[in-house]
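Below you'll find the structure, written out as structure tokens, and then a few comments.
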Amino acid sequence: MLFVELRFFLFFALVFTLVWTVRRNGARKAILTAASYVFYGAWDPRFLGLILFVTLVSYIVGTRFEPGKTSATAKKRWLTFGVVTVLGVLGVFKYFDFFAESFGTFANLIGLPVNAVTLGLILPVGISFFTFQAISYMVDAYQGHIPAKRNVLDIAFYIAFFPQLVAGPIVRASDFIPQMETARRWADVGVRSALVLFLIGFVKKACISDNIAPYVDMVFAAPETFTAATIVGGVLLYAVQIYCDFSGYSDMAIALAALLGYKFPANFASPYLSPDIQDFWRRWHISLSSWLRDYLYIPLGGNRNGNMRRNVNLMTTMLLGGLWHGASFNFVIWGGLHGGALIVERQWNKYIASRTPSLGWIGTLAGTLMTFYWVNLAWIFFRATSLDQSLQMARTYLTWQSKGLETLPIAVWPMLIALGLIHWLSNRMNAGDVLERLAPNTFALSYGAMAALALAFVPLGYRPFIYFQF
Amino acid sequence: MRISLGTVSLLTHIRLLFLFAVAFVLLAAGLSLYLRASSKMPELTVISPKLAVYRADAAAYDTVVIGTSRTLYHVIPEILEAGMAAEGCRAPKVFNFGVHGLTGAEQDWLIDEILSIGADHLKHIILEDPLPEARDIANVTSERGRYFHGPSLWPASLASIQSFPESLPKRFFRTGIFLYGVGYDLSGVGRAAATAFPDQTEGVDATEAFRIEDGFEALDELDVPDILARRQDFLDNPQKFTDALALYANGVSPNLPARAAYMERKLRELEARGLQASLYVSPDPLELDRTPQVAEMLRKQAPDLQILNYNQPDKYPALFERAIWHDFSHVTRAGATRLSETMGRDLCAASTPIEERTANAVR
């Protein structure tokens, strides 16, 4: 059930009506939890047991953190047990086959006759997201940022809440759980801003990402047949596709949660306008990057313990961040490219930039272009289906040389320039604000007209969101 | 009483929702109709290649058979022509315009298309009793379903649904699905995207295949999974075939007079355009309680019309031998050959007096 499908709109209309019809907070949470399970079950009901298991583990571990109930040592053991169990679930379903096959390949390379045993499990939708939320709950409760919940329904609701269940944003327990303590008030819901955000997300996903996806697929399916300009254009189109797909999903998720009275954190902030890689990670998939920072980078030691250790922590975090996206060496390389860039950037800032005068806007522009160039190089490894193909495309991207003669049947570069301008303009001026300031009647009429226009640009045949596979 | 949702009253919400709906419907429908009018006909399986073949050689054909897959897989033009010639008639040149799943509205559209191409050369149109409009959402939202849900075909679709020999609740349900299809089409979904980002996938060009046998295709020569599955089902369930044959004697369908009137109107309209018009009812065990009854009712109410009713196991037992059937609704090439020969003979017998036929044979 995708946010852009008619059946989802009907589902949401029903849930929305039920939630705002009942008054008791508990009843609302029960309705939303049940709806979330229906939503998840629509993907594959077999994996409902998995969410329940993760929920129960989180709940049981959380109850050990109630004040005066357990000693500090025991609490730590319970936390370790909880995190390891939840990561174990993620590991079995997502990484077991990858590591088993990699081990087999490596063993064979060094002459050991090993036949890798694989499980061939289907990857449950959203497993990377809901397991991270479960970890967030256990860690936040352990650290005392939130009180442990006594009602398992609260944990089930937090982990399964459908707007963010399958592709985020990853909502911290410390951000979300306090919101569920009291019944949400309709008067506090920013209906117009939520509707505008939903439409923006819908347009990004359905009207932009889904329309350019077939052309990206064409380039990545047989890059050797295309000219260098087309391959580079295809890579840039992929940058647009994945941004519009994922940030579109996030916008819709945030808007849907807002319509139900809950606030999610922003997940994107015009990332392609970042003047450096560090800033890029403050603007791209913010909920994941901040999660990795707080639950991995800082516990590893963060910036403490010297320059070398910091760089190791940085690279470890980025490599694991890459691996979080999927069990493939391509994702590891993608994480490594970002990690490497972050390390180089820090050295640059420390030894060169801090000792030379600022170049002002020219420096910012140059930094933005270089960051965008590097981010796109990394996207090649993220999107390509094999390492060989990634290397081949990266070579063309860097040298602008290809023996292919094919081009895409659309005006790639004018389209990219137009989309780039829209990206820049949307950062400079908030179109949503303009809409929100309209008189109610004008807003309703404008929204209806824009929805109709958007619908005309939705290609037939839905494409799942890219991040569902993670 | 004033119901309040937060700071805004319920009435205000309803007013805003109404304004939203008005703007949405007006723009979506307007845009959809504009883009429909300004874009060309999509490539539709069977329909597009058959029209291409016919358009390329329209002057050669004086007879067309327009029907469902019971025309597509059952009528071999060459055999039909030979059958007529063998009986001493002037052999016509026939084109098979069978299209799987052809509905009443689609048939009306196809008649208009064919006449716009070949009216100067056509003498005879044979119509099969078409299928009703779709009763599932997937069909009305498909590219073909959508194309035939345009405003110009709304009356034809409703006439087809309302005349179909089935119960009122079923026709009501079918009307609901039709309205869903109309709503889907008018929503404009995808219309601008299809124009701005044309589909790059190239379908299989079936033009040549339809040219070889004047539109006929032998079902048992197609290696397609769903056709093979239907074949297997037929082989696995012999009793179902026998049970279907029993429908002929026992089945009773509602709404028969409406269907007979519907078909008569179609045939009379063709006659009014100066064409010879005939009704063809294909052998089809699963329709034995429906199509033969419509044909016989029409024969009674319009004796002057030519009716070729082959869905009669008592009259045409050779056409219901299980060996010539590919599945429960379609025959093999051997079955199509047998049926086409019979059709040729019958058409000849009905078209001219015996003396004239004999004279033709001598010449």
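The figures follow:
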| item | result |
| --- | --- |
| Near pairs, Cβ below 8 angstrom, 6+ apart or cross-chain, from the range A:305-332 (closer than 18 Å to A:Phe99 by Cα) to any residue that is in a loop (DSSP other than H, G, I, E, B) and modelled with pLDDT under 90 | A:Trp324/A:Phe470; A:His325/A:Phe470; A:Gly326/A:Phe470; A:Asn330/A:Ser386 |
| Test: residue in the range A:437-458 that is surrounded by 15 or more Cβ atoms within 10 Å (Cβ to Cβ), of a type in the set (Ser, Thr, Tyr) and at pLDDT 90 or above | yes |
| Test: residue in the range A:143-156 that is under 15 Å from A:Leu296 (Cα atoms) and either in a helix (DSSP H, G or I) or of a type in the set (Asp, Glu) (or both) | no |
| Failed criterion for A:Ala35 (all others in (1) touching a residue at least 24 places away in the same chain (Cβ under 8 Å); (2) more than 30 Å from A:Ala451 (Cα to Cα); (3) surrounded by 13 or more Cβ atoms within 10 Å (Cβ to Cβ) hold) | (2) |
| Residue list for the range B:122-137, filter: in contact with a Leu (Cβ under 7 Å, 6 or more places away or on another chain) and either among the basic types (Lys, Arg) or over 16 Å from B:Ser69 (Cβ atoms) (or both) | B:Leu122, B:Lys123, B:His124, B:Ile125 |
| The range A:165-175: number of residues that are under 16 Å from A:Ser58 (Cβ atoms) and either crowded, with 23+ Cβ neighbours inside 10 Å or among the basic types (Lys, Arg) (or both) | 4 |
| Test: residue in the range B:139-159 that is touching a residue at least 24 places away in the same chain (Cβ under 8 Å), in contact with a strand residue (DSSP E or B) (Cβ under 9 Å, 6 or more places away or on another chain) and part of a loop (DSSP other than H, G, I, E, B) | yes |
| Residue within the range B:21-39 that is away from chain A (no Cβ under 14 Å) and at pLDDT below 90 present | no |
| Flag for B:Ser167 being more than 30 Å from A:Asp217 (Cα to Cα), of a type in the set (S, T, N, Q) and crowded, with 19+ Cβ neighbours inside 10 Å | no |
| Residue within the range B:92-101 that is assigned to a helix (DSSP H, G or I) and either surrounded by 18 or more Cβ atoms within 10 Å (Cβ to Cβ) or at pLDDT 95 or above (or both) present | no |
| Residue among A:Ala206, A:Ala213, A:Ala187 that alone is within 14 Å of chain B (Cβ to nearest Cβ), without any contact (Cβ under 8 Å) to a residue 60 or more places away in the chain and out of contact with any Phe, Trp or Tyr (no Cβ under 6 Å at 6 or more places or on another chain) | A:Ala187 |
| Residues satisfying the stated conditions in the range B:286-302, i.e. surrounded by fewer than 22 Cβ atoms within 10 Å (Cβ to Cβ), under 18 Å from B:Asn250 (Cβ atoms) and touching a residue at least 24 places away in the same chain (Cβ under 8 Å) | B:Leu286, B:Asp289, B:Met297 |
| Cross-chain or 6+ apart pairs with Cβ under 7 Å, the range B:170-191 first and within 14 Å of chain A (Cβ to nearest Cβ), then surrounded by fewer than 16 Cβ atoms within 10 Å (Cβ to Cβ) and not in a helix (DSSP H, G or I) | B:Gly190/A:Leu460 |
| Residues that are surrounded by 13 or more Cβ atoms within 10 Å (Cβ to Cβ) and either assigned to a helix (DSSP H, G or I) or at positive phi (or both), drawn from the range A:15-25 | A:Val15, A:Phe16, A:Leu18, A:Val19, A:Trp20, A:Asn25 |
| Flag for A:Glu101 being outside any helix (DSSP H, G or I), at negative phi and acidic (Asp, Glu) | no |
| Meets criteria (part of a loop (DSSP other than H, G, I, E, B), in contact with a strand residue (DSSP E or B) (Cβ under 9 Å, 6 or more places away or on another chain) and over 20 Å from B:Arg338 (Cβ atoms)) for B:Gly88 | no |
| Subset tally (residues that are over 16 Å from the mean Cα position of the chain (by Cα) and under 23 Å from A:Met138 (Cα atoms)) for the range A:318-350 | 0 |
| Test: B:Lys266 is surrounded by 15 or more Cβ atoms within 10 Å (Cβ to Cβ), assigned to a helix (DSSP H, G or I) and touching a residue at least 40 places away in the same chain (Cβ under 8 Å) | yes |
| Any hit, the range A:373-385, residues being at negative phi, assigned to a loop (DSSP other than H, G, I, E, B) and within 22 Å of the chain's Cα centre (by Cα) | yes |
| Residue satisfying all of: in the range A:61-72; of a type outside the set (Phe, Trp, Tyr) and touching a residue at least 12 places away in the same chain (Cβ under 8 Å); farthest from A:Ala134 (Cα to Cα) among these | A:Glu66 |
| Condition check for A:Leu79: in contact with a Phe, Trp or Tyr (Cβ under 6 Å, 6 or more places away or on another chain), in a helix (DSSP H, G or I), under 16 Å from A:Ser136 (Cα atoms) and in contact (Cβ under 8 Å) with a residue 12 or more places away in the chain | yes |
| The range B:188-217 - residue that is crowded, with 16+ Cβ neighbours inside 10 Å and within 19 Å of A:Met218 (Cα to Cα) and, of those, modelled with the highest pLDDT | B:Ala193 |
| Helices (runs of 4 or more DSSP H) fully within the range B:1-83 counting 1 or more residues that are free of Cβ contacts under 8 Å to residues at least 12 places away in the same chain | B:10-38, B:47-56 |
| Answer residue from the range A:415-463, given it is under 23 Å from the mean Cα position of the chain (by Cα) and farther than 30 Å from A:Val232 by Cβ and is farthest from the other protein chains (Cβ to nearest Cβ) among those | A:Asn430 |
| Filter result for the condition that a residue is away from every other protein chain (no Cβ under 12 Å) and in contact with a Cys (Cβ under 9 Å, 6 or more places away or on another chain), over B:Glu43, B:Glu87, B:Glu106, B:Glu81 | B:Glu87 |
| The range A:202-227, residues that are over 21 Å from A:Gln401 (Cβ atoms), surrounded by 23 or more Cβ atoms within 10 Å (Cβ to Cβ) and in contact with a Ser or Thr (Cβ under 9 Å, 6 or more places away or on another chain) | A:Lys204, A:Lys205 |
| Matching residues, the range B:303-347, being surrounded by fewer than 22 Cβ atoms within 10 Å (Cβ to Cβ), closer than 13 Å to B:Ile79 by Cα and not charged (D, E, K, R) | B:Ala334, B:Thr337, B:Thr342 |
| Condition met for B:Ala246 (more than 22 Å from the chain's Cα centre (by Cα) and within 14 Å of chain A (Cβ to nearest Cβ)) | no |
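The values are calculated or read from the model by the stated rules, or taken from the named source; none is laboratory data. All figures in this text were calculated on a predicted structure; none of them were measured in a lab. Glycine gets a Cβ as well: all are built from the backbone with ideal geometry, and neighbour counts include every protein chain shown.
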